[in-house]
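The values are calculated or read from the model by the stated rules, or taken from the named source; none is laboratory data. Note that the structure is predicted; figures quoted are calculated from it, not measured. No Cβ is skipped: glycine too gets one built from the backbone with ideal geometry, and neighbour counts run over all protein chains shown. Remember, those area values only see protein heavy atoms, side chains included, never the ligands or the DNA or RNA. Shrake-Rupley method; radii C 1.70, N 1.55, O 1.52, S 1.80 Å.
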Amino acid sequence: MKLKGEKQESSDHNEGSKGKMTPVLVLVALISAFGSSFQYGYNVSVINSPAPYMQDFYNRTYLNRNGEPMDSDFQTLLWSLTVSMYPLGGFFGSLMVWPLVNNCGRKGTLLLNNLFSIGAAVLMGTSELAKTFEVIIFSRVIMGIYAGLASNVVPMFLGELSPKNLRGAIGIIPQLFITVGILVAQILGLNSILGNVKGWPVLLGITGIPSLIQLLTLPFFPESPRYLLIQKGNEEQARQALRKLRGWNDVDGEIEEMRQEDRSEREEGQFTVLSLCTFRGLRWQLISIIVMMMGQQLSGINGVFYYADRIFESAGVDKNNVQYVTVSIGAINVVMTLLAVFIVESLGRRILLLAGFGLCCVSCAVLTLALNLQTTVSWMSYISIVCVIVYIIGHAVGASPIPFVMITEMFLQSSRPAAFMVGGSVHWLCNFTVGLVFLYMEAGLGPYSFLIFCAICLATIVYIFFIVPETKNKTFMEINKIMAKRNKVEIQEDKEELKDFHAVPGGQEGKKETSSSEL
């Protein structure tokens, strides 16, 4: 029996079943993103500015041990290991997503993950005192594992906490903090701050501080209600978590939707990566996230960052001031990602993806032209600068943040961990590949290497235009209906409820795709 007050509350809730930004939701999003995603960004760019001092340290240590200076080829090898071990660690971290989030929960995984970061931070911060450079390379792998887990678990956790009308905006917050991390590392890495002989161990070591803050604060916030109910079967805890997150008591609607999903998924159990890859009912969702993740990393963002310093120098920026220009590019990246948080719910995911990759595609094409002509046409170097800025804007509003949002939205509770594992592995493998191949590509092709990036952006645009649906403000049920048509599988409906759809010939029942309007 409902009292008047409750009825009122319930109808308020239904009017705005939209869900609002409650203080708990805001805090949990900020703490998760600052404690985890921030450090992914920070460690991407932290070794760029102190590179000469770190290489000098490698040299000195080697000289002290062996009595002879380091061979230059060996030094190059050591440095490229220092850089590339991070994305390789990220790949291994992605492989750990599925077992960890299913056994320890989303919040539990984030808390456990902090131990990697704090351990690596202590090792890197003390490496100079200990006179060992091997520890830095080892710590970069550990930091990579940390970032690999963080880059997948934070979007999954926040996506499962958010009401459907805020899912996109909250889903971009991790990417926003990645860009903030990059910017903070660039600022602290300025020669006048920590990017110098004395400061670099501190610069590497302070990455543990956000982890420590998260370790102390996140335990006071709720675990993902969907994980508690569907995977742990604990309805009471799920209700409490939802009440805290939504700021109202009447959460029956959301609980009922989760129950439907739970009932439908019990027969199937959790998807492993193998069963996800062979399951026809999720075929196009899987192809879509692989294409978007490859597009995101292979569209040349690393190449543009590598080239940026050179482009600005050739435009007449003084060598000592280039670092300030790099910081300003980092700032543009942050501002545009922040803009994406505010426009993703009004414009939708598809528009941002198409516009983002479109800007990247055009700027890569024009950049190729400008870099080739800048020796003959004096003002071309300014065109190159404009291209770099336009490229960064395109990547920040669409290509960087949206693919992770889409993984959360295109998959259900049982297949989401496996989907993040696939998407995350593709993300980090492509990142690793670009880091490895770009220097050779650049040596062989010069500015024409941007034409390859241009072609990849174009291919991604074509795929998104024809295949990827708009998911803005849709429940999972609606998204699954759209994708089921594409997968050529049936969804039988009964009273607005999805029944098992038969995906595999021979009568094996496909996954019943139910949904929650409030994931």
On average, how much area does the Cα convex hull of region 22-221 cover when viewed from any direction, in nm²?
11.5
Placing +1 on each Lys and Arg Cβ and -1 on each Asp and Glu Cβ in the chain, then taking the dipole about the Cα centre, the residue among VAL251, MET406, LEU282 whose Cα reaches farthest towards the positive end is VAL251
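Which of the three applies to region 274-490, rounded, prolate or oblate, going by the alpha-carbon gyration tensor with a ≥ b ≥ c and a/c under 1.5 meaning rounded?
It is prolate, given that a/c is not under 1.5 and a/b is the larger ratio.
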Within the chain, helix-based [θ] at 222 nm, where runs of 4 or more DSSP H residues each add -39,500 (n - 2.57), nearest 500:
-23500 deg cm²/dmol
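GLN270 to LEU81: extension gain in nm, 0.36 nm per residue of separation minus the Cα-Cα distance?
Going from the current span to full extension adds 64.4 nm.
Can you give the relative contact order of region 274-490 as a percent, counting alpha carbon pairs under 8 Å and 6+ residues apart?
Averaging sequence separation for qualifying contacts and normalising by length gives 38 percent for region 274-490.
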Any GluC sites (Glu not before Pro) in region 211-280 that lie in a DSSP loop and have at most 16 other Cβ atoms within 10 Å would be GLU267
Note: SER346 to GLU478 extended length (0.36 nm per residue) minus current alpha-carbon separation gives 45.7 nm
Kindly rank 413-426, 432-445 from highest to lowest mean number of other beta carbons found within 10 Å of each residue.
413-426, 432-445
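Based on the mean of other beta carbon atoms within 10 Å per residue, what is the order of 126-135, 344-353, most packed first?
Going from most to least packed, we get 344-353, 126-135.
Averaged across orientations, what area in nm² does the convex hull of the alpha carbons in region 174-314 project?
Values: hull surface 55.7 nm².
With the hull built on Cα positions only, its mean projection is 13.9 nm².
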How do the peptides 97-103, 291-297, 484-490 rank, highest first, by the average count of neighbouring beta carbon atoms within 10 Å per residue?
291-297, 97-103, 484-490
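Nothing charged except the Cβ atoms of Lys and Arg (+1) and of Asp and Glu (-1): what's the magnitude of the dipole of region 274-490 about its Cα centre? Round to the nearest 20 debye. All intermediate terms of the calculation are to be shown ahead of the outcome.
Values: 13 positive and 9 negative charges, 168 e Å.
Rounded to the nearest 20 debye, it is 800 debye.
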What figure, in Å² to the nearest 10, do you get for the accessible area of TYR40 with a 1.4 Å probe and non-protein molecules left out?
20
With axes computed from alpha carbons, what is the tilt in degrees of helix 301-314 against the longest principal axis of the chain, rounded to the nearest 10 within 0 to 90?
40
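Calculate the dipole size of the chain relative to its Cα centre from +1 charges on Lys and Arg beta carbons and -1 charges on Asp and Glu beta carbons; express the result in debye to the nearest 20.
Numbers: 40 positive and 41 negative charges, 41 e Å.
Dipole of the chain, to the nearest 20 debye: 200 debye.
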For the chain, what does the accessible surface come to per residue with a 1.4 Å probe? Please give it in Å².
40
Please give the contour-minus-distance gain from ASN191 to TRP248: 0.36 nm per residue of separation, less the Cα-Cα distance, rounded to one decimal in nm.
15.5 nm
Using a 1.4 angstrom probe on heavy atoms only, work out the carbon and sulfur share of the accessible area of the chain in %.
65
Within a Cβ distance under 15 Å of LYS319, other residues only, what is the Lys/Arg minus Asp/Glu net charge?
-2
Contact order relative to length of the chain, as percent, for alpha carbon pairs under 8 angstrom and 6 or more apart:
22
For the chain, report the convex hull volume of the alpha-carbon atoms normalised per residue, in Å³, without decimals.
149
